[in-house]
Amino acid sequence: MTKLNLYVETSVFGFYYDASARNQQKRIAVRTLLRQIKERRFQGYVSGLVRAEIEKTPDPYRRRLLGLIDQYGLITVEYDEDEVARLQEMYLEARVVPASVSDDAAHVAIATVAAMDVVVSCNLRHLANELAARRFLAVNMRLGYRSNLSIRQPEEVVIYED
């Protein structure tokens, strides 16, 4: 079976260190997913945008989050920047997400252009929800991109052992 190519969006990394009781299951799922990427059960990717968003966080948190990318062997994906910018603009024009969160549209555009299988996100408001996923896919299909890109939370991607 071919490994899924996972684009790990920025919001996922913040849950790795989240010690709050209400996010315990999310933290466990994020850690399990990253471990499974390191074990090569999946191929994990990030983008320059993920790195840039993490760079905006204060130290020492920034160093810890960036360290996760290397620690778990995530690869920085290559993509056509002009094509991503065009697709991102199409998402915004279609009002898939508000312009105020245009980077969320950029993450999906990067994953689409780079032919990822899944965008893994903890951003329920703008990405990892059924309505948003359908809106992104509708634009992708209209523009001729493959239509099987999935947007999922870490819990929905990890391999659960019996």
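Largest mean-square fluctuation among Ala109, Ala133, Ala52, in a Gaussian network model of the chain whose springs join Cα atoms under 10 Å apart, belongs to Ala52. Rounded to the nearest 500, the 222 nm mean residue ellipticity of the chain from helices alone is -14000 deg cm²/dmol, with -39,500 (n - 2.57) taken per DSSP H run of at least 4 residues. Summarising the label geometry, the points placed 7 Å from Cα in the beta-carbon direction at Ala99 and Arg125 lie 1.8 nm from one another. Of the solvent-accessible surface of the chain, computed with a 1.4 Å probe and all protein chains present, 49% belongs to carbon and sulfur. Of the peptides 76-86, 41-51, the ranking by mean beta-carbon count within 10 Å, highest at the top, reads 41-51, 76-86. When both bridge partners sit in the range 1-127, DSSP labels roughly 0% of those beta bridges antiparallel.
In this simple spin-label approximation, Tyr160 and Glu78 carry label points 7 Å from Cα along the Cα→Cβ vector, and these lie 3.8 nm apart.
The values are calculated or read from the model by the stated rules, or taken from the named source; none is laboratory data. All values reported here derive from a predicted model rather than from experimental measurement. A quick note on method: Cβ atoms are made from the backbone with ideal geometry, for glycine too, and the neighbour counts reach across all protein chains shown. Heavy atoms of the whole protein, side chains included, go into the accessibility calculation; ligands, DNA and RNA do not. Shrake-Rupley method; radii C 1.70, N 1.55, O 1.52, S 1.80 Å.
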